[in-house]
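One structure below.
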Amino acid sequence: MPHAEPYFPGAIFSVEDGDTPSVPRVLIAPARYVQGPGVFAHLGRYLRPLEVNRPAVLASPGGHVREGSSIVASLREAGLDPVTVTFEGESSVEEIERIVAALREAGSPVDALIAVGGGKCLDTGKCVAHRLHVPMVSCPTIASNDAPCSALSVVYTPEGAFEAVEFFPDSPALVVVDTDVVARAPLRYLVSGMGDGLATWYEARACFRNPSARTADFARPTVASMTLGEACASTIREFAAGAIAAVRARRVDEALERVVEANTLLSGIGFESSGVAAAHAIATGAFPAFPAVHSSCLHGEMVAVGLLAQLVLEGEMEEAADVAGFLAAVGLPVHLGQIGLDPERDPDSVRAAAEMAAAAPFVDNEPMEVTARGVHAALLGAHELGLEAAAREGDAAYRALHPEPAAA
Ligand SMILES: [Zn+2]
């Protein structure tokens, strides 16, 4: 069974609501982070401080062909003796146990787990590394999510429904992001990561404003993680257009490097050590329950709409309009129709989403009382703001990334 308890449970027992000083501040971060063009080819060198001899390389069949082979070659060049293992696509308990068994049977024991791929592959890798008691090495191939740096994994059923969050005592020992690989991945992933990254700051701010708010580890946010969250949002705002142009041209430049770092490192530490709030309550606790949304949207796209609703909920209307303009300009969804929920044709679904979000974990991190009625009004308010932003900015950027629009 996944370990579903945070590793700092002492904090739970010393909490008197509002009694902030008795609750520890905890910063969680990977031990080492390396990012740049072509760095996968030097992975053997970056592994040296870990004194690894026989690492396992976990990737999908396509990942083994695209990046795994050059990684394995680099490890061999560094004198290591890697073994490869295939990720079959779902981060489920069954898949984790299958990989653990395969690696236990693979002759001499492996001494590190290198996961190469998207969020689910890395989350699976963290679960496998924990069970084998070996260090985890994250090699993300897209910059769309917070999996590479965090000490937790989202576990799904074999059918892909959410099952649990598993917490680990250790963060990844090493995160290596090859920006050449990110520049060749579909642009939609990078843009989706901008939505998730941008929300990090506004959710951190909500947690900081509310003395009762807690991170996923039941801790209080640190100034350090808040600062990273703020830098994450400002970096994305400043360099998004340049990074999008770089991926369109399949080249790496300073703008892409900045946004990849924001989406991966700043967002990763920011969310884990600052806490999340209404944007993620809506994006993970409500939207995925609707098949039209679940099947057509990436995580960061749902977070983008959740973020707009959060800002409306907080009464930050000017900020919400400004953020909506930015989201529309980069091609993120800004209204409910773009994620497959139509408040006019299907008002019941929007009402149901509001009820789910108001009951979801972390929504109480908001500094004011959150009710289903309030979330419902915020979703509709965000929808209106988004329609205005789409009319103002045009929806060309969104349509370029979504050739087949979500069925509303
Ligand atoms: Zn997220």
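Just so you know, all these numbers are worked out from the coordinates, no wet-lab data involved. All values derive from a computational prediction rather than experimental measurement. With ideal geometry, Cβ positions are generated from the backbone for all residues, glycine too; neighbour counts draw on all protein chains shown.
Here are a few things to note about the model shown:
- Each of LEU198, LEU313 has some number of other Cβ atoms within 10 Å of its Cβ, and from fewest to most they run LEU313, LEU198.
- Across q = 0.12 Å⁻¹, the chain modelled as identical point scatterers on its alpha-carbon atoms has Debye log10 I(q)/I(0) values of -0.92, in the order of the q list.
- Sorted by Cβ neighbour density within 10 Å, fewest at the top, the residues MET317, MET194: MET317, MET194
- Debye log10 I(q)/I(0) for segment 106-217, one point scatterer per Cα, at q = 0.14, 0.21, 0.24 Å⁻¹: -0.67, -1.22, -1.32
- Each of PHE290, PHE271 was scored by other Cβ atoms within 10 Å of its Cβ. Arranged with the fewest first, they read PHE290, PHE271.
- Using the Stokes-Einstein relation with a Kirkwood hydrodynamic radius computed over Cα pairs, the translational diffusion coefficient of segment 170-212 at 37 °C and a viscosity of 0.692 mPa s comes to 252 µm²/s.
- Under a 5 Å amide H cut-off, with hydrogens placed 1.01 Å from N, ARG25 pairs with ARG220 among residues at least 5 apart or on other chains.
- Relative contact order of segment 303-408: 42 percent, from C-alpha pairs under 8 Å at least 6 residues apart in sequence.
- Cα-only Debye scattering, segment 33-183: base-10 log of I(q)/I(0) at q = 0.12, 0.14, 0.19 Å⁻¹: -0.42, -0.58, -1.12
- Here the relative contact order of the chain, from alpha carbon pairs under 8 Å that lie six or more residues apart, stands at 16 percent.
- The chain: most fluctuating residue of GLY386, GLY160, GLY197 per GNM, C-alpha cutoff 10 Å: GLY160
- Two-site label geometry, GLU238 and GLU105: point separation in nm, points 7 Å out along Cα→Cβ: 5.3 nm
- Considering every alpha-carbon pair of segment 160-285, the percent of pairs per 10 Å bin, from zero through the bin containing the longest distance, is 13, 39, 34, 13, 1.
- Both radii were evaluated on the Cα set of segment 186-401; the Rg over Rh quotient, with Rh as the Kirkwood radius, amounts to 0.95.
- Helix runs (DSSP H) in the chain reaching 18 Å along axis by Cα, Kyte-Doolittle at least -1.0: 119-132, 187-209, 223-248, 299-313, 317-330, 372-393
- Calculated FRET efficiency, ARG373 to PHE162, Cβ-Cβ distance, R0 = 25 Å: about 0.45 to the nearest 0.05.
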